[in-house]
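Heads up, the thing below is written out as structure tokens.
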Amino acid sequence: MTRLVKTVTEMEGRFEEKWVLVEDDGLVSWEAEAALRHVGHPTPRLTGPQRVSGAARYTVDVALPGMLHAAVLRSPVAHGRVTALQVAAAEAIAGVRAVLTPASELGFQQRSGPLHDEPLYAGAPLAVVAADTLAAAREACRALAPSIEPLPFTVDIETAWQEQRFDGDLHEEARGDVEAALAAAAVRVELVVSTPGQLQTPIEPHAAVAWWKPDELVCFIATQGMFDARAELAKRFDLPPERVRVITEYVGGGFGGKQNAGFEALIAAELSRRTGRPVRLVLDRHGEQLDGGCRPATRQTVRLGATADGMLTAIDAEALVEFGMSGWRAVTTPALTLYRCADVRGIEANLRLELRRGNAFRAPAVMEGITALEQAIDELAIETGLDPLELRRRNFADRDQSADLPYTSNSLLWCYDRAAELAGWPDRDRWREPQADGLLRGMGCAAQIWWGGGGPPSHASCRLGGDGVAQVVVGVQDIGTGTLTAARMVAAEELGLPLDRVTVRGGDTAPAIYGPVAGGSQTTPSVMPAVRGAAAAVRRKLLALAGDVFEAEPDDLVVDDGRIRSRDGGLDEPYTAVTAKLGQASIDGSGNRGPNPDGYRANTFGCQIARVAVDPGTGSVRVEGIWAAHDIGRVINPLGASSQVEGGILQGMAYALSEQRVIDRTTGVPVNATMDDYKVPTMMDTPPIVVAFAPLPDTLLNTVGAKGLGEPPIIPTAAAIANAFRHATGRRAAALPLTRARVLEAIA
Ligand code: MOS
């Protein structure tokens, strides 16, 4: 039955009530005890061979006949007015086909920009050139030789705060009376923590190849959301959506920074519209690090009040955010939800600076907030003399206190216990004993909360051919997380087919099968139920046909391991005994994600423990191990999921130890916008990582029982490392990352 129902959907903490199409697929969630053949078993990546052999075509690899190359001229100053551009000189360079400046009449609509005559940050695009070769396009950019009148700028939080340069209103959320509760508390701690600006630094930079054909705009885009990109291109260029096709076969990392069509696709499409040629626009590394996006720096103050035995009575979190995402505040959200507490307040101010505005970066805002909150909780453990994990257990919140709703599932207590067991937490103090190598060692922990329940709309189709092979189509691109592999496993499970008899296609809007943006940890819990629904529709039709062929009751038949069997064991035939009769016809099914359950919040939880070794002579900090336990409901592919956790932990570790956008305060220009100077971790920095998942599927949430995992693993890592540093050295650094200079200062 097809209905339109109202449901609440969520993306990175933004809730929306909307109408969604629902077709009841009659499926109930697989139970915890369900005997599954594929789902839950470690499975190598469907696209692994293509990726490692170089056959995978990323957007940067796309080359079309007659394709032009675009280059971008960027602002060298933080704030200024462009008084002249030498357009004629640029156009005179051999091979130049188009020059776009702020004065150009563009074929698409945008409120401001995308090209600026008054740049508001270093790296802001001023002009773009398309030419026969990249070298000619770059030479023409140099020939534009902009004359720029510098204007005043502010690039640090302190000054912006003093000048009250807010972007939007102060955001405050509170319950109870936090000041009174703090005044009455037996134990109080206050902590001020600064967190760094962090750049997404995808290995594949932002990239697009656009081809404005007479009847269709085709765009290859390195995007996390091909349908959002299609909608944006259609809207801005005023085209019907079905005349825009977005193709995203492989993506070399997005981490939140590659949503929608992006500057690159809009500009490439405009250049193609003007020139009649395909146009390739790939950010160079400097452009990527200047303008690909960032997690904004923060300065946060957390004040906690508690009873002598560690029951939280007050949580007050304040955050100053360096020009974060417009209209979205979540740095202090964890302070309102992670622990049970009646008197709580979160206040955050977004400060307007002459810096590239922050955008989504894996667990945007929440990671920043947890990094401060969880260090304050650690201080409270020290102050009350309690084991930090015991303190957290005592303050466990079994429902969402902001929304006053229960969770669909919550295994946070399991995560505390499991991480402790894996890490050898009860013996952690022995690491503080003098060590033969002279290093100071310690262990710290931190908890994680995030959304990630996913929701509708999300669609899938499944088609079973005469050869007994099923083809699944999903409306998402695999951004490196293993989405297509998980879809293959879910379809094979439902169809009773071996994995190699199921193929999965994604990464193209042409089939018009919609999927959501790969963001907010929503892909798996949104897409996999749709895949299961599509496969179930095919299975039912197949069994109906089998009933005709074998003169049996379809209800008496089951599928397993590529065979059709009767429950009484009398019939046991291969799939192909039925499908071969189809000839070139096929059995088709479609599926979609059902609505979210009313009256619940869906969240993910976790706990990580870190062990560090600090060299008191050099100030170097080495992470010697991370133990991670996460609650993501049912784990579809344990191999892919562990890999996700490892990636998140490495990014979180780098946030604690080495990554930071460094701005020259005298010029306002980022000085480390290269991969030489911007320190992402390498294999040599990678510690042993042990991963465990809570064994409880979220059967209330959807028909596969899965929650999301994209964001959770990055969230607690930096706090766990900072707490381990505190345990090792007895000191807490006021700011991350823990560079050698900061470490030596902290332990002096
Ligand atoms: Mo969002 S940071 O794109 O998951």
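The values are calculated or read from the model by the stated rules, or taken from the named source; none is laboratory data. No experiment lies behind these values; they were computed from the predicted model shown. Every residue, glycine as well, gets a Cβ built from its backbone with ideal geometry; the counts of neighbours run over all protein chains shown.
Looking across ALA537, ALA544, ALA530, ALA552, one residue alone is under 27 Å from LYS258 (Cβ atoms) and small (Gly, Ala, Ser). It is ALA530.
The condition (being surrounded by 13 or more Cβ atoms within 10 Å (Cβ to Cβ) and part of a strand (DSSP E or B)) is satisfied by just one residue among ARG142, ARG188, ARG138: ARG188. Residue pairs whose Cβ atoms lie under 9 Å apart, separated by 6 or more positions or on different chains, with the first residue in the stretch 131-154 and on the phi > 0 side of the Ramachandran plot and the second buried (at least 19 other Cβ atoms within 10 Å of the Cβ) and in a loop (DSSP other than H, G, I, E, B), are ALA145/LEU85.
When ALA510, ALA460 are checked against the criterion of being under 30 Å from LEU557 (Cβ atoms) and more than 16 Å from the ligand (Cβ to nearest atom), ALA460 stands alone in meeting it. Within the set THR307, THR298, the sole residue that is in the same structural domain as LEU391 (by TED's automatic domain parsing) and surrounded by fewer than 21 Cβ atoms within 10 Å (Cβ to Cβ) turns out to be THR307.
For the stretch 352-405, the tally of residues that are away from the ligand (no atom under 16 Å from the Cβ), of a type in the set (Val, Ile, Thr) and surrounded by 24 or more Cβ atoms within 10 Å (Cβ to Cβ) stands at 1. For the stretch 131-158, which residues satisfy the criterion of being β-branched (Val, Ile, Thr) and more than 22 Å from GLU354 (Cβ to Cβ)? The answer is THR133, and nothing else.
A single entry from GLU172, GLU179 fulfils the requirement of being acidic (Asp, Glu) and in a strand (DSSP E or B): GLU172.
Among residues of the stretch 250-267 that are farther than 12 Å from GLN224 by Cβ, those with a beta-carbon under 6 Å from a residue that is among the hydrophobic types (A, V, I, L, M, F, W, C) and within 16 Å of the ligand (Cβ to nearest atom) at least six positions away or on a different chain give the pairs ALA265/ILE221. Against the definition (free of Cβ contacts under 8 Å to residues at least 24 places away in the same chain and outside the structural domain of ALA78 (by TED's automatic domain parsing)), how does GLU105 come out, yes or no? Judged against the criteria, GLU105 is not a match. Taken over the stretch 1-39, the criterion of being assigned to a strand (DSSP E or B) and within 16 Å of the ligand (Cβ to nearest atom) is satisfied by THR9, GLU10, MET11, ARG14, PHE15, GLU16. Only one of the numbered conditions (1) without any contact (Cβ under 8 Å) to a residue 24 or more places away in the chain; (2) within 30 Å of ARG726 (Cα to Cα); (3) basic (Lys, Arg) is not met by LYS213, and that is (2). Residues considered: GLY668, GLY652. Of these, the only one that is modelled with pLDDT of 95 or more and under 19 Å from the mean Cα position of the chain (by Cα) is GLY652.
Residue count for the stretch 481-491 under the criterion of being touching a Pro at 6+ places or on another chain (Cβ under 9 Å) and surrounded by fewer than 24 Cβ atoms within 10 Å (Cβ to Cβ): the result is 1.
Here ALA546, ALA534 are screened, and the one residue that is away from the ligand (no atom under 16 Å from the Cβ), surrounded by 21 or more Cβ atoms within 10 Å (Cβ to Cβ) and touching a residue at least 40 places away in the same chain (Cβ under 8 Å) is ALA534. Of everything in the stretch 481-507 that's assigned to a loop (DSSP other than H, G, I, E, B) and under 30 Å from ILE715 (Cα atoms), which residue is nearest to the ligand (Cβ to nearest atom)? My answer is THR481.
Meeting the requirement of 1 or more residues that are under 27 Å from GLY648 (Cβ atoms) and within 16 Å of the ligand (Cβ to nearest atom), the strands (runs of 3 or more DSSP E) wholly within the stretch 198-269 are 217-221.
Scan the stretch 31-69 for residues that are hydroxyl-bearing (Ser, Thr, Tyr) and free of Cβ contacts under 8 Å to residues at least 60 places away in the same chain and the total you get is 1.
For residues that are surrounded by 12 or more Cβ atoms within 10 Å (Cβ to Cβ), β-branched (Val, Ile, Thr) and more than 26 Å from ARG362 (Cα to Cα), tally how many sit in the stretch 1-38. The qualifying residues number 3. Is one or more of the residues making up the stretch 395-415 modelled with pLDDT of 95 or more, in contact with a helix residue (DSSP H, G or I) (Cβ under 6 Å, 6 or more places away or on another chain) and under 10 Å from CYS607 (Cβ atoms)? Scanning the stretch 395-415, I find no residue that is modelled with pLDDT of 95 or more, in contact with a helix residue (DSSP H, G or I) (Cβ under 6 Å, 6 or more places away or on another chain) and under 10 Å from CYS607 (Cβ atoms), so the answer is no. Picking from residues in the stretch 517-531 that are aliphatic (A, V, I, L, M) and within 16 Å of the ligand (Cβ to nearest atom), the one that is nearest to the chain's Cα centre (by Cα) is ALA518. Within the stretch 584-599, being of a type outside the set (Asp, Glu) and more than 19 Å from VAL472 (Cα to Cα) holds for PRO595, ASN596, PRO597, GLY599.
Taking the condition assigned by TED's automatic domain parsing to the domain that holds LEU320 and either touching an Asp or Glu at 6+ places or on another chain (Cβ under 9 Å) or closer than 30 Å to GLU190 by Cα (or both), does GLY256 pass? Judged against the criteria, GLY256 is not a match. Assessment of the stretch 117-125 against the conditions (touching a strand residue (DSSP E or B) at 6+ places or on another chain (Cβ under 7 Å) and free of Cβ contacts under 8 Å to residues at least 40 places away in the same chain) yields at least one matching residue.
Kindly indicate whether LEU495 is closer than 21 Å to LEU582 by Cα and crowded, with 24+ Cβ neighbours inside 10 Å. It is true that LEU495 is closer than 21 Å to LEU582 by Cα and crowded, with 24+ Cβ neighbours inside 10 Å.
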